[in-house]
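These notes concern the structure reproduced below.
Please treat every number below as a calculation from the coordinates, not as lab data. Keep in mind that what you see is a predicted model, and the values were worked out from it rather than measured. Every residue, glycine among them, receives a Cβ derived from its backbone with ideal geometry; neighbour counts consider all protein chains shown.
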Amino acid sequence: MTPSILITAALVLGAPAPKEAPKEAPKLEGDWIVESFEGPKEGPPGAITFRFTDSKISVMEGKREKPEDALYTVDLKAKPATIDIRPERGQKDGVVTGIIEINGDTMKLCFARESGKRPTEFKGDAANGVMLIKLKRVKSEK
């Protein structure tokens, strides 16, 4: 073997393995339909849809003529990921703090509306006003 082949082989074999491509952040934007509630509020699954844009949530309920809108910010790098929701109606300075988890086409959204304390686990608790909402992404028809 020639020295150049040996050097090339040593460089290839000694090179670090390629790094894994960074995971793409879960996509929040789109329509999500409620599958279930846990906690202080009960409602029929499938009757409520959440529409997420880059900074706004519109909650559409079958009985209402207009959606309820709120601005939101999210930190998907936090463990667990956090979400802060600012309803456009009611208290203008009110912030609902929660946690969020997106796994493919499913989402869990958990928050404590009354206490203002951010939950630490995905569990509804009626006694403490903690609501867990499980949602499923609405597939766009092509």
Counting only residues 5 or more places away or on other chains, whose amide H sits under 5 Å from the amide H of G124 once H atoms are built in the peptide plane?
L132
What is the local net charge at T120, summed over the other residues whose Cβ is closer than 14 Å to its Cβ (Lys, Arg +1; Asp, Glu -1)?
+2
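For region 23-137, what class follows from the C-alpha gyration tensor (a ≥ b ≥ c being the square roots of its eigenvalues): rounded when a/c is under 1.5, otherwise prolate if a/b is larger than b/c, else oblate? Write down the numbers at each step before the final one.
Working: a/c = 1.17, a/b = 1.05, b/c = 1.11.
Rounded shape, in that the Cα axes give a/c under 1.5.
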